[in-house]
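Peer 1: Just dropping this structure here.
The values are calculated or read from the model by the stated rules, or taken from the named source; none is laboratory data. Being a predicted model, the structure only gives us computed values, none of them experimental. Cβ atoms come from the backbone with ideal geometry, glycine included; neighbour counts cover every protein chain shown.
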């Protein structure tokens, strides 16, 4: 697809989508949102940017193949459960090492889900993008 309108507007949509997705990701463990919906928002913004530019542009923008994001996300999600095992609690019982801050292993898990969703959507999309 070679649309000048989509190429131009996607330059505005991509940063707005990524910023909003990070906002949704960070508020997810206290309020509605989180890694899944944040990842979908980011993937939608990246998809709008990649559709008029092709597969090569998608990979060069991400700097890694989307399947790498899936692996990194799964690794983060699994690692988020390990602190609970070290404390003899059930796996994925999230820990809050800093009681005064709302930061704990839940955020690491959500970040893993965020990366898996982005990687999955963009892997699917990459098979349908044209080469430019």
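Peer 1: Given the criteria surrounded by 18 or more Cβ atoms within 10 Å (Cβ to Cβ) and out of contact with any strand residue (DSSP E or B) (no Cβ under 6 Å at 6 or more places or on another chain), does residue 43 qualify?
Peer 2: Here the answer is yes, as residue 43 does meet what is asked.
Peer 1: What pairs come up if the first residue lies in segment 17-28 and is part of a helix (DSSP H, G or I), the second is at pLDDT below 90, and their beta carbons are under 6 Å apart, counting only those six or more places apart or on different chains?
Peer 2: 24/33; 27/33
Peer 1: Here's a follow-up. Please verify whether residue 11 is farther than 27 Å from residue 109 by Cα and not in a helix (DSSP H, G or I), treating the condition exactly as stated.
Peer 2: no
Peer 1: Only one residue in 34, 39 is closer than 30 Å to residue 129 by Cβ and at pLDDT below 90, so which one is that?
Peer 2: Only one candidate qualifies: 34.
Peer 1: Before we move on, is residue 81 modelled with pLDDT under 90, within 30 Å of residue 130 (Cβ to Cβ) and crowded, with 16+ Cβ neighbours inside 10 Å?
Peer 2: In short, no.
Peer 1: Does residue 70 qualify as being touching a helix residue (DSSP H, G or I) at 6+ places or on another chain (Cβ under 9 Å), within 30 Å of residue 12 (Cβ to Cβ) and either at pLDDT 95 or above or surrounded by fewer than 17 Cβ atoms within 10 Å (Cβ to Cβ) (or both)?
Peer 2: Yes: the conditions hold for residue 70.
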